[in-house]
Amino acid sequence: MPRPATPSLPGRLDRAADWGVYALVAGTLLGLVAFVTNPVPDPSFPWATLPPSLRLPYAQPRIEHWPVSYTLAVWLWVFGLPFALLAAYRRYAPATGLRRSTWLVGLPAVLMVALTTYCRYFWPKPDPATWNAPAYTFVCWAYCSSYVTVWSTLAYAIAAVGVAAFLVARTDGDRAVVAAGAFGVLALPLGLPALYYATTESD
C-alpha cells in the first residue's frame, strides 16, 4: 500500500529543501539586479527592460548572452527548484491529502512536460546556441544548448516515464517504484523528488 503523505524528510534532505527555497529567493534577487545594470538582461525578451532613469550607470559583463547576476539567478532556479518542490511537499502534502506520488512524481513530470514544451515551441531562442543555456534537466540542457530537436523529443519521452510512474502508482507499487526511479535519474536535477520517492517506497 502507498505510504501516506508525511511532512518529514531525512535530515540532510530536510536542510537541502530549506536551501532550495533560499536559492529561489536569491535567484530572483540576482535576476532583478541585472535589470538595474543592463539595458537588456535577456536577449530572448528585449522588451523586458527598465528605462535609463531607473538603471545604474554600470553594465555587468556577460557570460555568453546573459549578465553575470542573471546567469547566476537562472542556475540557482534550476538547481533550487527540485529541493523547493521537496519543501512544498513537506509543508503542504498533509493538508492537501494528495498522494506522495502526486507530489514527488506527478508534479515534476508535469513540470518537465510544460518546460520542454515552452523551450521547444515558445522560447525565443538566442542566436547562437550556447553551452550556458539554462535548463531544468540534463537532457533539456542538451537541447537548449544546441537546438537539436532529438534532445527535446527525448525529454518528452523521459517526462512520459514520469507520468506513467504516477499513473501506475495507483495500482502497481513495485512497477511505479522502478519507473519513478528511472524518471528520477533521467530527469535530474528536476527528477530528484521522484528519486526520493523511489528510494523511500522501496524501503
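Filtering segment 192-203 to residues that are more than 12 Å from the chain's Cα centre (by Cα) and touching a residue at least 60 places away in the same chain (Cβ under 8 Å) leaves 194, 196, 197, 200, 201.
Out of the residues in segment 85-141 that are over 21 Å from residue 165 (Cα atoms) and among the aliphatic types (A, V, I, L, M), which is nearest to the chain's Cα centre (by Cα)? Checked segment 85-141; the qualifying residue nearest to the chain's Cα centre (by Cα) is 135. Can you confirm whether residue 109 is open to solvent by 20 Å² or more (accessible area, probe 1.4 Å) and either in contact with a Gly (Cβ under 9 Å, 6 or more places away or on another chain) or outside any loop (DSSP other than H, G, I, E, B) (or both)? Against the criterion (open to solvent by 20 Å² or more (accessible area, probe 1.4 Å) and either in contact with a Gly (Cβ under 9 Å, 6 or more places away or on another chain) or outside any loop (DSSP other than H, G, I, E, B) (or both)), residue 109 does not qualify. No other residue among 42, 18, 14 is among the acidic types (Asp, Glu) and either touching a Gly at 6+ places or on another chain (Cβ under 7 Å) or buried (at least 19 other Cβ atoms within 10 Å of the Cβ) (or both) apart from 42. Quick one: count up the residues across segment 122-157 that are in contact with a strand residue (DSSP E or B) (Cβ under 7 Å, 6 or more places away or on another chain) and either free of Cβ contacts under 8 Å to residues at least 40 places away in the same chain or of a type in the set (A, V, I, L, M) (or both). Total satisfying the criteria: 1.
Residue-by-condition table, conditions (1) in contact (Cβ under 8 Å) with a residue 40 or more places away in the chain; (2) in contact with a Pro (Cβ under 7 Å, 6 or more places away or on another chain); (3) of a type outside the set (Asp, Glu):
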position	(1), (2), (3)
15	no, no, yes
19	yes, no, yes
34	no, yes, yes
39	no, no, yes
44	yes, yes, yes
53	no, no, yes
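Filter segment 45-74 down to residues that are assigned to a helix (DSSP H, G or I) and surrounded by 16 or more Cβ atoms within 10 Å (Cβ to Cβ) and give me whichever is nearest to the chain's Cα centre (by Cα). Going through the qualifying residues, I end up with 74. Residues in segment 166-191 that are within 13 Å of the chain's Cα centre (by Cα) and open to solvent by less than 40 Å² (accessible area, probe 1.4 Å): 184, 187, 189, 190, 191. Assessment of segment 145-163 against the conditions (modelled with pLDDT of 95 or more, open to solvent by 10 Å² or more (accessible area, probe 1.4 Å), closer than 13 Å to residue 108 by Cβ and outside any helix (DSSP H, G or I)) yields no matching residue.
The values are calculated or read from the model by the stated rules, or taken from the named source; none is laboratory data. Because the structure is predicted, anything quoted here is derived from the model rather than measured. Neighbour counts are summed over all protein chains in view; Cβ atoms, including those assigned to glycine, are modelled from backbone coordinates with ideal geometry. What goes into the accessible areas is simple: the full protein's heavy atoms, side chains included, and nothing from ligands, DNA or RNA. Shrake-Rupley method; radii C 1.70, N 1.55, O 1.52, S 1.80 Å.
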